[in-house]
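Bear in mind that the values in this text are calculations on the coordinates, not laboratory data. Just so it is clear, the structure is predicted and the values come from calculations on it, not from any experiment. Cβ coordinates were reconstructed from backbone atoms using ideal geometry, including for glycine residues, and neighbour counts include every protein chain displayed.
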Amino acid sequence: MSHETASSVSTTSLVFERIDERLAAKEARSPDDDHPLKDDPDHDDLETGPFLGNGTASQEDHPGPVLGPKRMDRGLRKVLIIGAGLVVAAWVIGLFAYIATKSYKHASTFEHDPQATVSRGNGKQVTLDQVMGGFWRAESHSISWIAGADGEDGLLLEQGAAGKEYLVVEDIRARNPSAASQPHVLKSKTLIKSGTFEYGGKTYQASTTKPSRDLQRVLVGTNMQSNWRHSTRGIYWIFDVNTQTADPLVPGEPEALVQLAQWSPTSDSVVLTKDNNLFIRRVGYDKITQITTDGGSEVFNGVPDWVYEEEVFGGASATWVSDDGNYIAFLRTNETGVPEYPIQYFVSRPSGNTPKPGEEAYPEVRNIKYPKAGAHNPVVDLKFFDVVRGDVFSVDNISGRFADDDRLITTVVWAGSQILIKETNRVSDVMRVVLVDVVVRTGKAVKTTDVKAIDGGWFEISQKTKFIPADPSKGRAHDGYIDTVIHDDGDHLAYFSPLDNPEPVMLTSGNWEVVDAPSAVDLDRNIVYFVATKESSIQRHVYQVKLTGHDLAPVSDTTVEGYYSISFSAGAGYALLSYSGPGIPWQKVVSTPSNSAKYEHVVEENKNLAENARKHELPINIYGTVNVDGVELNYIERRPPHFDESKKYPVLFQQYSGPGSQTVNKKFAVDFQAYAAAGLGYVCVTVDGRGTGYIGRKNRVLVRGNLGHWESHDQIAAAKIWAARKYVDEARLAIWGWSYGGFMTLKTLEQDAGETFSYGMAVAPVTDWRFYDSIYTERYMLTPQTNGHGYDTSAITNVTALSQNVRFLLMHGVADDNVHMQNSLTLLDRLDLVGIENYDVHVFPDSDHGIYFHNANRIVYDKLSNWLVNAFNGEWLKIANALPNGSKEKRDLAVTPLT
């Protein structure tokens, strides 16, 4: 609006300036001077026509007697006066608008407006270097909340902060000068003064730290080595806070590599896994007690194997210690029957091992036990160690137990002296909640749900189940737990009490969903905090509700659009509230409704990012829904800053589309899609089709058994809608994605067969779900043995259809341990067999699924950008029956799309 106002005011001013100039020129010029428009009798000059006669007109111009100046008609004069008044009034109004809207200011003086639908002013251009270099990355902070030794709330653990000792426990209120001097603010406590320490004549640098609950000791990890996405190995130490000295966690073995180490809640022992066996080290004793002895290359104790780390726990631990420290639950994973998949490293040697003489030219090969769809899964059992008795035991005599080859253990939560276990069948559509009493060593199934019979869908894995201990003084007569359940066509919170009660109190309900909930529970006030999509499926707000299901209310400001996340202190009295968009992201620590003492401290404002947004022309983001087969699908359309509906724009579709995912949201982001719009001048669209999250389970579970069909159907339908818009060049539509999005790119091109999309770019794609891991794939596809046809139709096999597109790009990391290179190679072989060549390929040695090794990630985006520009410029059209051209001059040959 401001840009348009500025233009109108400038035009009005120019009109008056030109009138003055021409009147002055007329007075100075001779009557015999040639009129600049004399030879154009049909032109109405601003000063002389059509209303004003020319007082210098000659007799040749007007034959007949010269009678002197002709008086203006009185009615004409009135019209002119009124017209002039209207012009002046319009000019005054324009001037007022010009000043009121501050259009005289440069665009860089305005705050970023995420709601803007037109560009304002002329700023700098967004570049790919900026996007890749972090120029547009919002600064964000995390708080490692910690409870005080006596249960104090509002404490945080700070490691390696500038100007402070290495590891410090600090009261969050000390961050705010107005609150720091108050007497109830706790003094900071130094746990480790320096990040380096000496032992045995060697110097070690701390990397990870985990304080004991009593804050008297710290588990310190040094020499950490990455294993998979979450897991590491390293040397661990018990660091004494009082003496500021460290002792090896494994006595007598200061260089022992430990896979996992964690404190007992009682602070008197450490549970650890080394060489896939479980041990316990008591504080004050110079020995460790070995709990298991069968660990090795195929048996894991207390740590997950590759597939459980990646798809079940999302972390490196499979060990759970009871609150009283008397029992340890741990997962025993037997991979004996799981086939291996080789990962080859041609440039690097991740193992750190030096090859034998004469074998330096051979690649390093790492064999992973990787269960693909339909293959043998690892066999998992939950074991228990009685710390007092010193024995390992199982509780297997529970009726209805899933068979070894049909069992996934997904969630383990201590509930006093009992333990809750959630397990499903192999394809994740039948769930049992099992309650085990470790004291009497018995158990029972307290709840069984067949979701396939309910809606044909599946259970997603969650690690947010929360134990709620009994407290009659607070109105809680029995122990219980909060869990996410399927309700009202979505995910909602339920409170089960007693523990074996299968019928819960529903805490939330309605046509919206909770997200990774609960976030925290205030046990003193019986308040449950959670994040949900209550305001909009593409927003996130924080809410509270009582354990009775009453008094649901927002915590974040729901009067304006927002995308929030939150991290609560140990006692839920404080929280780090993070706003991610649509405006410039910010963070602040706030007191919660659980805290009567009000507190607020701004942690991050992202002033530099705000300044960058003011100075640059960002894309115009248009949010909305499109209707496909009666379903409203969310979209975001990113338009170039100076979008002009009269022009024809190429359109790039970007998507991920995986089950339960969401790409369209209200977060602030200047990413590759924003660069494609603001930097390259294209329209960039993202549509979350069916199968994605937060638009209802019935629209999510539709894709089961045939991944890719409905998702690509929706992308094609959306593309047709855009192709019909007057500002879209329907001949220049492209689609791209990474991982599942790469699969979807190829599936869409295959299903569309060149009818709508001309180009595609697929990075690290699945091309056949038989090649992906069992736990993820079978949740959505069942097994190949029971759904062979579904696997056949979901695979990218119709290469003839792919040949109908103009061209596509395929990129993959050779050392991808997640989506194996086998996917792309198999597709390439299918293309070779039919002689199809309308594609380009780029592979990245030693890169995993993220594609980072040796500058690879930058090359990925350079390739995407350059390839896309060439595509939309028409460079990928092939010359029919190409012949050598001996001259440097361009031959005039007919061009036809590649078929």
With a sphere of radius 11 Å drawn around the Cβ of residue 538, what net charge do the other residues whose Cβ falls strictly inside it have (Lys, Arg +1; Asp, Glu -1)? 0
The relative contact order of segment 124-173, taking Cα pairs under 8 Å that sit 6 or more residues apart, comes to a percentage of 22
Furthest towards positive pole of dipole, 412, 393, 424, structure part segment 391-470, Cβ charges: 412
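Using unit Cβ charges (K, R positive; D, E negative) and no other charged atoms, how large, in debye to the nearest 20, is the dipole of the chain about its Cα centre?
Details: 87 positive and 114 negative charges, 218 e Å.
It works out to roughly 1040 debye.
Pull up the DSSP beta bridges for the chain and report the antiparallel fraction as a percent, rounded to 5. Write out the running numbers ahead of the final one.
Working: 147 of 174 bridges.
Bridges in the chain that DSSP calls antiparallel: roughly 85 percent.
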Calculated P(r) over Cα pairs in 10 Å bins from 0, in percent (choose from (1) 2, 12, 21, 23, 19, 12, 7, 3, 1, 0; (2) 2, 10, 16, 21, 19, 13, 7, 4, 3, 2, 1, 1, 0, 0; (3) 2, 8, 9, 8, 8, 11, 15, 16, 13, 7, 2, 0), label: (2)
Which of the lysines could a cross-linker span from residue 187 if the Cα-Cα distance has to be under 25 Å and same-chain partners fewer than 8 positions apart are dropped? 164, 210, 588, 598
For segment 392-444 and segment 453-518, what is the separation of their C-alpha centers, rounded to whole Å? 18
Using the charge dipole of the chain (Lys, Arg: +1 at Cβ; Asp, Glu: -1 at Cβ; taken about the Cα centre), state which of 304, 743, 434 has its Cα farthest towards the positive end. 434
Taking every DSSP beta bridge with both residues inside segment 610-879, roughly what % is antiparallel (nearest 5)? 35
Top positive-direction residue, dipole computed over the chain with Cβ charges, set 657, 328, 163: 163
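Considering only DSSP states other than H, G, I, E and B, which trypsin sites (Lys or Arg not before Pro) in segment 590-635 qualify as loop sites with at most 13 other Cβ atoms within 10 Å? The partial results should precede the final answer.
Working: sites: 598, 607, 614, 615; in loops: 598.
Those that pass, being in a loop and sparsely packed, are 598.
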From the alpha carbon gyration tensor of segment 610-879, can you work out the equivalent ellipsoid semi-axes (sqrt of 5 times each eigenvalue) and give them in Å, largest to smallest? 28, 22, 19
Contact order normalised by residue count of segment 346-443, Cα under 8 Å, 6+ apart, percent: 18
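With the contact rule set at Cα under 8 Å and sequence spacing of 6 or more, what percent relative contact order holds for the chain? Could the numbers behind the result be given before it?
Working: 1867 pairs, mean separation 74.5, N = 899.
Rounded, it is 8 percent for the chain.
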Net charge of neighbours whose Cβ lies under 15 Å from the Cβ of residue 487, counting Lys and Arg as +1 and Asp and Glu as -1: -3
Once every DSSP H run of n ≥ 4 in the chain is given -39500 (n - 2.57) and the sum is divided by its residues, what mean residue ellipticity at 222 nm do you get, rounded to the nearest 500 deg cm²/dmol? -5500 deg cm²/dmol
From the Cα centre of segment 528-591 to that of segment 603-664, the distance in Å is 24
Which helices pass in the chain if a helix is a full DSSP H run, must span at least 15 angstrom along its long axis by Cα, and must have mean Kyte-Doolittle hydropathy not below 0.5? 74-100
Eligible aspartates and glutamates near residue 648 by straight Cα distance, threshold 16 Å, same-chain separation 8 or greater: 637, 729, 730
